[in-house]
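Participant: Below is the structure I would like to discuss, written out as structure tokens.
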Amino acid sequence: MEDFEQLLDTFEQQNQAAEGEILKGTVLKIDGDDVVVDIGMKSEGVVPLREFLDASGNPQVRPGDIIDVVLEREERERGMVLSHEKAVRLRLWDELERAHQEGTIIQGRIVDRIKGGLACDIGVKAFLPGSQLDIRPVRNLDAFRGQEVRVRIIKLNKKRGNIVVSRKVVQEEEVGTRRSQTMETLEEGQIVTGVVKNVTDYGVFVDVGGIDGLLHVSDLSWGRINHPNEMVQPNDEITVKVLKFDKSKLRVSLGFKQLLPDPWSDAAERYPIGAHVKGKVVSITDYGCFVELEQGIEGLIHVSEMSWSKRTKHPSKIVNAGDEIEAVVLDVNPNERRMSLSLRQALSNPWESLHERYAPGTVVEGRVRNLTDFGAFIEIEEGIDGLVHISDFSWTKRIKHPSEVVKKGEKVRAKILGIDVENRRLSLGIRQLEPDAWENFFANRQLGDVLPGRVVRQASFGVFVELDGGIEGLCHNSEINPELTGGAPLEVGREYEFKIIKLNPADKKIGLSLRAALHGAERETIDAYRHSAAGSTTTIEEMMTMKRGSNDNQS
């Protein structure tokens, strides 16, 4: 009777196993390539040893272990052939089916990139669509390969062996839970820790407990940054301060620099006017360059403060981005967060020592750098230009433009006339290299002198006459007797004799008279006639005619 019941139990167990039921068995021994398993009621079966070997070929089972098995088939020699792997799969599918029904979150690992998404190992391979990977769109799916993920089964077909999982639904639930908690506790001024979710040109999005806050680029640092990625990267954990929080719109503004003291608060005390400071050139513009003295403190060196020379066309001709320079503080305005610096004042002013190198009267040589209507600028050394005014090119010539005397780029000699250090002006003269023709004339001539002169131009009121030394005098119309010239005007370019009737050294004016000179010549002729011996047959009229003819021939 007892043997019959045992046989009956064995038959029922085998029959159930045939229906796919998972059986519990006890490992008895390892026999060659088989593992002998007791499945109860004195029934034994064998499981292929290969199902228990690890990657190195070592058995991972030993006598006494309780394992799950499923009946595969019966063989005459080996008896019941069991499968441990199939039992594990069936058990796993049961658990997965239950997890699907209950919505349980399970752990998985991304093992491969496949079409439309990823392959996720949750004990069996499941499909994780790219759209279900993250709350935000993911561009690089390959970056998730090998990562551990928490997912939920959203579709399961046991017969086909298909499973679809989602990481996104897990994130959404977690975010919703955290967001509810954050909504109750978050407030402005609070310091919180969050995770960087995204970095853009204009700022950083930080997850602060289920709510994404914007950390604008202007609130990242007191100093200058070109892009937020210089400071943070996605997935970085960062501590920030809540600047604004709109619960109705779920908008949060965050700040990072606000966790540090404002460097401008005591900038006036740390950078007094006149102080020499060192910094790095961080930006160059048409009007100057910005120098960073410390993080958050920048000063502007205006182009006019770059050099003692007035010829600075662009700051890039003097400094480059990244240069370490020394400057002098000119002004500090903490309220407007502005500081003015000077590069040239950190250097010696060449104008202050100009008197030591060039005393007035010194003859210098330089190159003509520029020509204007009023004169020529001559560079006598680097950064030092002197002006030769148009009136200082010649003592006597009427110069309409400097180009009549000098050319741009030409080397010339000049004499220093005056130095104005305060206004950085240097006066030069070219005519002063020669003696003053006017002084020489006034020193050697007096009223009544008769001398030759060449008519150089006519005016309505008279003619201008070039005398010795190149100076000019004026012969007024009233001093030209038409009877003496035969009624014809004086010819430009022709030489006549004139008498000096006016000398004005202060105004450099000379008055001439043709009529007085001719009358003087007539008296000389008469005197000569009177002194001639009596008995001469030459008349006075003949002598005057001869005199005029002689003058005409000389002209």
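Taken together, the values in this text are just the output of simple stated rules run on the coordinates, not laboratory data. Just so we're clear, the structure is a prediction, and the values are computed from it rather than from any experiment. All Cβ positions, glycine included, derive from the backbone under ideal geometry; neighbour counts span all protein chains shown.
Participant: The range 244-324: which trypsin sites (Lys or Arg not before Pro) are DSSP loop and have at most 14 other beta-carbon atoms within 10 angstrom? All intermediate terms of the calculation are to be shown ahead of the outcome.
Facilitator: Details: sites: Lys244, Lys247, Lys249, Arg251, Lys257, Arg270, Lys278, Lys280, Lys310, Arg311, Lys313, Lys317; in loops: Lys247, Lys249, Lys310, Arg311, Lys313.
Passing both the DSSP loop test and the Cβ count: Lys247, Lys249, Lys310, Arg311, Lys313.
Participant: Which chymotrypsin sites (Phe, Trp or Tyr not before Pro) from the range 213-300 combine a DSSP loop assignment with at most 12 other Cβ atoms within 10 Å? Could you put the intermediate results ahead of the total?
Facilitator: Values: sites: Trp222, Phe245, Phe256, Trp264, Tyr287, Phe290; in loops: Trp222, Phe256, Tyr287.
Here the sparse-neighbourhood loop sites are Tyr287.
Participant: Something else about it: Can you give the angle from 0 to 90° between the axis of helix 84-102 and the longest principal axis of the chain, with both taken from C-alpha atoms, to the nearest 10?
Facilitator: Orientation of helix 84-102: about 70 degrees from the principal axis.
Participant: Another question, then. Distance cut-off 31 Å, Cα to Cα: go down the list Lys407/Lys508; Lys317/Lys397; Lys397/Lys502; Lys197/Lys249; Lys42/Lys159; Lys313/Lys400 and report the pairs above it.
Facilitator: From the list (Lys407/Lys508; Lys317/Lys397; Lys397/Lys502; Lys197/Lys249; Lys42/Lys159; Lys313/Lys400), the Cα-Cα distance tops 31 Å for Lys317/Lys397; Lys42/Lys159.
Participant: Could you tell me what fraction of 2.2 N^0.38 Å the Cα radius of gyration of the range 354-433 comes to, as a two-decimal ratio?
Facilitator: With N residues counted in the range 354-433, Rg over 2.2 N^0.38 Å equals 1.00.
Participant: Taking the Cα centre of the range 309-351 as the origin, how large is its charge dipole in debye, to the nearest 20, when only Lys and Arg (+1) and Asp and Glu (-1) carry charge on their Cβ atoms?
Facilitator: Dipole about the Cα centre, nearest 20: 340 debye.
Participant: What is the Cα radius of gyration of the range 103-171 over 2.2 N^0.38 Å, N being its residue count?
Facilitator: That ratio works out to 0.99.
Participant: Along the charge dipole of the chain, which of Ile39, Ser131, His216 sits closest to the positive end, that is, farthest toward it, with unit charges on the beta carbon of Lys, Arg, Asp and Glu (+1, +1, -1, -1)?
Facilitator: Going by the Cα projections, it comes out as His216.
Participant: Okay, moving on. Just want the ordering: Trp93, Trp308, from fewest to most Cβ atoms lying within 10 Å of their own Cβ.
Facilitator: Trp93, Trp308
Participant: In whole angstrom, how far apart do the alpha carbon centroids of the range 307-329 and the range 262-304 sit?
Facilitator: With the range 307-329 and the range 262-304 each reduced to a Cα centre, they are spaced 13 Å.
Participant: P(r) of the chain in 20 Å steps, Cα pairs, percent per bin?
Facilitator: Bin by bin from 0 Å, the calculated values are 13, 20, 16, 15, 12, 10, 7, 4, 2, 0, 0.
Participant: Return one quarter of the surface area of the convex hull spanned by the alpha-carbon atoms of the range 225-308, equal to its mean projected area, in nm².
Facilitator: About 8.7 nm², averaged over all directions.
Participant: Quick check for me: using +1 on Lys/Arg Cβ and -1 on Asp/Glu Cβ, what's the dipole size of the range 72-111 about its Cα centre, in debye to the nearest 20?
Facilitator: 120
Participant: Output the relative contact order of the chain, whole-number percent, from Cα pairs under 8 angstrom with separation of 6+ residues.
Facilitator: Relative contact order for the chain comes out at 5 percent.
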